[in-house]
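Report on one structure; see the data block that follows.
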Amino acid sequence: MSSPSSSAPGVPQATFRFRCIGCGDLRESASQNFRCPQCKDLLEIIYPQGKESSFDPTKLKSTWRNRRLSSTPIDQSGVWRFRDLLPALASEGQAITLREGNTPLYELPQCARITGVPRLLGKHQGLNPTGSFKDAGMTVAATFARLAGFRWVACASTGNTSASMAAYAARGGLRSLVLVPDGKISWSKLSQALDYGAVTCQLRTDFDGCLRLLQELVLRAPVYQLNSINPFRLEGQKTLALELLEQLDWQPPDHIIVPGGNLGNSSAIGKALVEMRDLGLISRLPKLSIIQAEGANALVRTLREAAGKCLISVQAETRATAVRIGNPASWKKAVHVLEATGGACEQVSELEIAQAKAEIGAEGIGCEPASAVTLAGLKKLVKLGLVKREESVVLILTGNLLKDPDFTMEFHRGDLFKGTPDETASAGLNPLRRPPRVLDATLDAVIRTLEQSEKS
Ligand code: F0G
């Protein structure tokens with residue numbers, strides 16, 4: 001089997017280049033590990049001919065709005081609708097799309113009251129086709145994998161990337177290989193990969209071990225890697241921010257808050273914000289803040305203990321398994337984003353995550369634990385004075401509530417913190433718990449329950 005290059009035949013390559021984020025080296029194609037051959041840093045995609053400079057921001061905005069009325073698959077995609085700021089395709093039919101994006105922006109009035117900010121919004125990326133924000137990046141990266149002639153795509157994952165990759169590979173007629181940590185991802189995510197036909201390997205290691213192995217694998221086998229190291233993923237994920245600003249009539253909020261795991265999403269959103277500012281689509285940059293779980297706080301420690309100069313890895317442990325990552329690949333891109341936007345990086349405890357998740361659920365919205373770090377983090381940023389009480393805030397809710405039903409059930413049954421050092425303190429969360437009740441099947445029993453609930 002020959003090993004195809006990662007540049008895409010049939011695609012007008014002049015429209016983009018790969019640039020090393022370390023030494024700035026510019027190339028037309030990338031090697032399979034998406035690292036700079038000289039300094040080994042990560043690559044990003046840029047449009048050196050000033051693809052954007054010829055654009056009139058007003059015209060662009062109306063083109064994107066008008067595409068919403070079209071019935072072609074590429075226009076119905078909330079990612080490809082913004083294709084003017086993505087690597088170019090030779091034809092519209094090349095895109096592998098599940099009509100991703102187009103996710104709602106919800107008011108969160110109860111959470112706003114709890115945190116003390118006047119206006120709080122949640123951009124629910126969990127309402128993408130496979131239930132997480134990964135679909136926005138995957139549609140672009142899977143498309144370019146197929147264009148580059150690969151038959152196999154692969155990823156290491158805490159669950160959502162693998163679910164998304166498997167779906168897009170299946171839609172695009174590609175085979176997919178999933179590497180996940182054994183016993184450390186939720187069953188609902190794993191079941192998605194199985195149903196979408198991936199070859200799924202549960203490795204006896206953590207996410208970081210899976211990713212390390214994948215990096216070696218892609219150098220030995222003709223397998224295209226679809227982790228967020230792949231810069232096409234980040235180009236697709238940029239559109240989350242474009243869509244958000246469009247939903248806000250291009251008036252930037254004061255803050256956007258995003259969970260941080262492998263740090264691809266924060267890097268992509270930051271890149272989009274800077275590009276939008278440079279293109280004249282928005283007049284100022286919102287602050288982009290990144291929140292991590294205390295047990296998976298590599299970026300927090302990197303900033304506090306090494307001033308963002310070198311990565312401090314950690315042995316990750318958190319029930320928010322999506323962000324159970326100790327050695328984030330895109331840490332340097334995330335540091336650049338924090339510097340560019342003036343955002344903060346904070347960490348939140350397991351109790352704070354569980355509480356915030358229940359509070360988002362009580363709004364009738366719901367999300368997975370990793371997404372709830374954003375609300376927990378906002379409370380902290382307000383307390384620290386980093387978010388002022390009159391400022392507008394958008395939380396990026398990255399995954400669907402149904403992605404981790406075990407966490408939710410254990411929380412409401414009161415088992416989540418059993419046997420952990422947080423067990424006693426977790427009693428403080430009891431008012432948020434809604435355990436199921438097992439009753440005799442009598443009218444009396446149900447009416448009694450109704451009356452008791454009315455009083456509580
Ligand atoms: N939220 C959810 C629901 C996630 O699945 C992830 C990452 C993150 C937040 C963090 O985003 O890595 O871009 O900083 N999940 C990956 C996966 C790593 O394999 O599904 P990030």
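Let me check I've understood the local charge: for G399, count other residues with C-beta under 15 angstrom from its C-beta, Lys and Arg +1, Asp and Glu -1. What total comes out? Walk me through the intermediate numbers first.
On the way: positive: K123, K134, K189, R319, R324, K357, K403; negative: E100, D135, E368, D404, D406.
Within the 15 Å Cβ shell, the charges total +2.
Which net charge results when you count Lys and Arg as +1 and Asp and Glu as -1 among the other residues whose beta-carbon is under 14 Å from that of P431?
Numbers: positive: R433, R434, K455; negative: E359.
Taking every Cβ under 14 Å from that of P431, the sum is +2.
So what's segment 165-299 giving for Cα Rg divided by 2.2 N^0.38 Å, two decimals?
Details: Rg = 17.5 Å, N = 135, 2.2 N^0.38 = 14.2 Å.
Here the Cα radius of gyration is 1.23 times the empirical estimate.
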Whole number in Å², please: accessible area per residue of the chain, 1.4 Å probe, ligands, DNA and RNA not counted.
41 Å²
What share of all Cα pairs of segment 330-413, in percent, falls into each consecutive 5 Å distance bin?
3, 14, 21, 23, 18, 12, 7, 2, 0
L402/D195 FRET efficiency (R0 22 Å; Cβ-Cβ; nearest 0.05):
0.95
Stokes-Einstein diffusion coefficient of segment 126-194, Kirkwood radius over Cα pairs, 37 °C, 0.692 mPa s, in µm²/s
276 µm²/s
Report the local net charge at K357: Lys and Arg +1, Asp and Glu -1, summed over other residues whose C-beta lies under 14 Å from its C-beta.
-3
If each of A445 and K59 carries a label point 7 Å out from its Cα toward its Cβ, how far apart are those two points in nm?
7.0 nm
Taking 23 Å as the cut-off for C-alpha to C-alpha distance, list the pairs among K61/K332; K59/K333; K40/K309; K238/K332; K309/K357; K134/K333 that go past it.
K61/K332; K59/K333; K309/K357
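Can you pull the percent of the chain's accessible area that's carbon plus sulfur, 1.4 Å probe, other chains left in place? Intermediate values should be presented prior to the final figure.
Details: 9480 of 18600 Å².
With neighbouring chains kept in place, the figure for the chain is 51 percent.
Please report, in cubic angstrom per residue, the volume enclosed by the convex hull of the alpha-carbon atoms of segment 212-280. All intermediate terms of the calculation are to be shown ahead of the outcome.
Numbers: hull volume 6.4 nm³, N = 69.
In segment 212-280, the Cα hull volume divided by residue count equals 92 Å³.
I'm checking a number: the convex hull volume of the Cα atoms of segment 49-154, normalised per residue, in Å³. What is it? Write out the running numbers ahead of the final one.
Working: hull volume 17.3 nm³, N = 106.
Taking the convex hull of the Cα positions in segment 49-154, it is 163 Å³ per residue.
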Hey, how many Å between the Cα centroid of segment 203-242 and the Cα centroid of segment 413-456?
42 Å
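Restricting to the chain, what percent of DSSP beta bridges are antiparallel, rounded to 5?
Numbers: 11 of 42 bridges.
Roughly 25 percent of the beta bridges in the chain run antiparallel, per DSSP.
Based on the Kirkwood radius over alpha-carbon pairs, what is the Stokes-Einstein translational diffusion coefficient of the chain at 37 °C with 0.692 mPa s viscosity, in µm²/s?
146 µm²/s
The values are calculated or read from the model by the stated rules, or taken from the named source; none is laboratory data. Computed from a predicted structure; not experimentally measured. We place every Cβ from the backbone using ideal geometry, glycine too, and count neighbours over all the protein chains shown. What goes into the accessible areas is simple: the full protein's heavy atoms, side chains included, and nothing from ligands, DNA or RNA. Shrake-Rupley method; radii C 1.70, N 1.55, O 1.52, S 1.80 Å.
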